[in-house]
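For reference, the structure discussed in these notes is given below.
The values are calculated or read from the model by the stated rules, or taken from the named source; none is laboratory data. Quick caveat: nothing in here was measured; it's all calculated off a predicted structure. Note: ideal-geometry Cβ built from the backbone for every residue, glycine included; neighbour counts use all protein chains shown.
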Amino acid sequence: MDYTTLHQTPDSEPETSADQREAPRYTSLIRAAKLVSSQGEFVCVIRDVSSLGIGLRMFHEIPVGDEAALELGNGKVFELRRVRAKGREASFTFANPVPVDLLIREEWEYPKRQLRLNIAMPLTVTSISGRVDGITENLSQQGCRLECDAPFAIDQNLRIASAYFPEIRAKVRWRKDASYGLVFENTFGLQEFAQLVAALQCPQLLAE
């Protein structure tokens, strides 16, 4: 389930800005999303939302810059402007008012899938034929899109490894030319995944 029970907070409760007090705020909304900033793409969790703004929690320090975008798992994108940041939590206003239902219900036009980040990461890929180099085109908790010149078959078992994580067993689910869709045997936890992609793009965000 993507979200917990929703609670509408009375207008008198503190909000991220004076303007946002004018709109009902929904709390207890726990959903993973993607924050796109000038420093890269990062995993975040939506904590509360109104039609005017949103509260996010990261698994590391907040990326720099006031301008950002929020992308949901269904591909919908919302432009944001940061109004407050402290530690691993930040509040943003929407560039344009957003129907709250779009964020709460998150309708899907296609089969639901894991949050994917456009991450290029060098890998070594090991199969029964030997070891070759590859690179990811995107990455999720459960798999990746791999670019590799070596020929692999559908359902073939592989082992992949990088400088950022130990060897993972994976299986080929689809292929198109030199691109392959891999599903991992053991998936990443959300925090582990969030910190992995931060280490790949902007390791200073992980500094304590």
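Scanning the stretch 182-201 for residues that are under 16 Å from LYS34 (Cβ atoms) and of a type in the set (S, T, N, Q) gives GLN191, GLN195, GLN201.
If you go through the stretch 140-165 and pick out every residue that is in contact with a Lys or Arg (Cβ under 9 Å, 6 or more places away or on another chain) and among the hydroxyl-bearing types (Ser, Thr, Tyr), you end up with 1.
Within the option set SER140, SER91, SER162, being crowded, with 19+ Cβ neighbours inside 10 Å, hydroxyl-bearing (Ser, Thr, Tyr) and under 21 Å from GLN201 (Cα atoms) holds for one residue only, SER140. In the condition set (1) at pLDDT 95 or above; (2) more than 16 Å from PHE42 (Cα to Cα), PHE193 is compliant with all but (2).
Take the conditions buried (at least 20 other Cβ atoms within 10 Å of the Cβ), modelled with pLDDT of 85 or more and over 21 Å from GLN114 (Cα atoms) and apply them to SER50. Does it pass? Answer is yes for this residue. Candidates THR187, THR124: the one that is of a type outside the set (Asp, Glu), under 26 Å from LEU206 (Cβ atoms) and outside any strand (DSSP E or B) is THR187.
Scanning the stretch 95-116 for residues that are hydrophobic (A, V, I, L, M, F, W, C) and either surrounded by fewer than 17 Cβ atoms within 10 Å (Cβ to Cβ) or at pLDDT 95 or above (or both) turns up ALA95, LEU102, ILE104, TRP108.
Checked against (1) surrounded by fewer than 17 Cβ atoms within 10 Å (Cβ to Cβ); (2) under 18 Å from the mean Cα position of the chain (by Cα), LEU72 passes all but a single condition, namely (1). When the stretch 183-205 is limited to residues that are touching a Phe, Trp or Tyr at 6+ places or on another chain (Cβ under 9 Å) and among the aliphatic types (A, V, I, L, M), the one that is surrounded by the fewest Cβ atoms within 10 Å (Cβ to Cβ) turns out to be LEU190.
Go through the stretch 14-32 and give me each residue that's in contact with a helix residue (DSSP H, G or I) (Cβ under 7 Å, 6 or more places away or on another chain) and either in a strand (DSSP E or B) or at pLDDT 60 or above (or both). Across the stretch 14-32, the qualifying residues are TYR26, LEU29, ALA32.
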